[in-house]
Amino acid sequence: MQRMKMPKVIKLKPSQLLVLTFAIGIAAGTCLLKLPLSTTQGISWVDALFVTTSAMTVTGLSSVDPSTAFTMFGQTVIAFLIQLGGLGIMSFAVLIYMMLGRKVGIQDRMVMQQALNQTNIGGVIRLVKYMFIFAFAIEFVAMIFLSIVWVPELGWRKGVFYGFFHAISAFNNAGFGLFSNNLINYVGNPIINIVISALFIVGGIGFTVLVDMWQNKRFKKFSLHTKIMLIATLVINLMSMLLLFVLEYGNPGTLGGLSLADKLWASWFQAVSPRTAGFNTLDIGAMHEASIFFIMILMFIGAGSASTGGGIKLTTAIVIFLATLTFLKGRKEITVGKRALDGGYIVRALSITIISILFIVAAIFLMTITENESFLEIAFEVVSAFGTVGLSMGVTANFTDFGKIVLVFIMFLGKVGPLTLIYSLATPSGKELVRYPKEDILTG
């Protein structure tokens, strides 16, 4: 009797599984947003895909107005997709495993390591536990404060829902808002400015940093990564605020017509938002070109590793800067905080940056062929999509279906990470068994 052959089980690498789960989540979300129950007048499949991808990748760009195009059910779906994308599908899978009392296997831990951008597999499950505790607690407190502002304006049902939606959107650095002009009407409101900016700053510094701060309490005991993130975030936020305040001070379309107090609030909010969130209290399209270009740089840099934000990550930019500084000083070893950095981190940082630039340039090139908007507007939207920021110059809805699909891919790339996507497609070459003689080439 002939034995039946068992079907071959396809084994996926952690990077492939991560990409696949995100793709499945986007497909499911697209179908949900296409339901008649989700929209007020119906939207196209491309727009449903665009908004779903933007929510799952916690970007915030939208080809339709979320405040008018979607019903409360549709907006709830978007909030769920934001939470799912911000904390990660695999994180929720691990949470369900733990609730059911099941053991999380090595394969799942490796996927979580890839998703959370951790250097080793140890402590990944503990990080996931803290991540959910921090996220839900912070979002709940924020919802209460935001409801204080919006319940008197919108009523209990709508006010609380708006607080719930914006708390999730801000903490997960999504930038989705339920007002047609985002938060421009609240440019001088202290509660909105403090709560929303605090949410996306905390969400953007990374859960690794939050856990380290919670466990060690004192700055001296923090890890090198935590110290770098805290200091760099403070410095870059204050410098950005000062620069935007100076650049936009007399601009009648942005800060020009505001009081000094409102100018400071708006400068702060718009300085800290581009690296992570995508909320705006100023009209981005009315800004000077210098300010727009500076915001593009902030969006490209992005948030911290293992955070809800995107971009190449702040620590990546710092490593490249330190490597350049070390070279100019004629040194061979990169040191920071009395610690030396391994050469592998420099190669990784450069790889992430170069791959990111190549994808961004390719997307801009393609869209300049098919779209009728200006080069600056196209470049801004592409960089915003890659950084999963969500800031817009108001032209997203004008793009063709092809342009929207290009942005969908860039948002997906920005969320899963350039190296993760490349690793998921590449075939490992194995160990190098042959070493070749070295020879110099001329550079510079």
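If you take all other residues with their beta carbon under 14 Å from the beta carbon of Thr39, and give Lys and Arg +1 and Asp and Glu -1, the sum is -1.
Per-peptide packing, taken as the mean over residues of other Cβ atoms within 10 Å, places 281-287, 149-155 in the sequence 281-287, 149-155 from highest down.
Highest mean packing first, where packing is the average number of other Cβ atoms within 10 Å per residue, the peptides 41-48, 18-25 line up as 18-25, 41-48.
Determine the shape class of the stretch 252-345: with a ≥ b ≥ c the square roots of the Cα gyration tensor eigenvalues, call it rounded for a/c under 1.5, and otherwise prolate if a/b is greater than b/c, oblate otherwise. Don't jump to the answer; show the numbers that get you there.
Details: a/c = 2.95, a/b = 2.41, b/c = 1.22.
Judged from the Cα gyration tensor, the stretch 252-345 comes out prolate (a/c at least 1.5, a/b above b/c).
Amide H contacts of Thr39 (H built 1.01 Å from N, in plane; Pro and chain starts excluded): Thr71 sit under 5 Å, all sequence-distant by 5 or more or on other chains. Kindly flag which residue pairs out of Lys158/Lys404; Lys227/Lys313; Lys227/Lys338; Lys313/Lys415; Lys220/Lys338 have an alpha-carbon separation exceeding 19 Å in this structure. Result: Lys158/Lys404 exceed 19 Å.
Sparsely packed loop sites in the stretch 222-251 (the chymotrypsin sites (Phe, Trp or Tyr not before Pro) outside DSSP H, G, I, E and B with at most 14 other Cβ atoms within 10 Å) comprise Tyr249. Accessible area ranking (1.4 Å probe, heavy atoms, ligands and nucleic acids excluded), largest first, for Tyr186, Tyr130: Tyr130, Tyr186.
Ordered by solvent-accessible area of protein heavy atoms (1.4 Å probe), largest first, the residues Phe269, Phe73 come out as Phe73, Phe269. In this structure the stretch 186-322 gives 38 Å² per residue of accessible area when probed at 1.4 Å with all protein chains present. Distance between the C-alpha centers of the stretch 231-278 and the stretch 134-196? Whole Å please. Computed from Cα coordinates, the inter-centre distance equals 20 Å.
Any chance you could run the full-extension gain for Thr40 through Ile320? It's 0.36 nm times the residue separation minus the Cα-Cα distance, nm to one decimal. Please report the intermediate quantities before stating the final value.
Details: separation 280, 0.36 × 280 = 100.80 nm, distance 4.76 nm.
Result: 96.0 nm gained on full extension.
Normalising the Debye intensity of the stretch 277-393 to I(0), with uniform scatterers on Cα atoms only, and taking log10 at q = 0.10, 0.11 Å⁻¹ returns -0.37, -0.44.
The values are calculated or read from the model by the stated rules, or taken from the named source; none is laboratory data. None of these values were measured; they are calculated from a predicted model. Cβ: placed from backbone, ideal geometry, glycine included. Neighbour counts: every protein chain shown. Please note that ligands, DNA and RNA were not included when accessible areas were found on the heavy atoms of the full protein model with its side chains. Shrake-Rupley method; radii C 1.70, N 1.55, O 1.52, S 1.80 Å.
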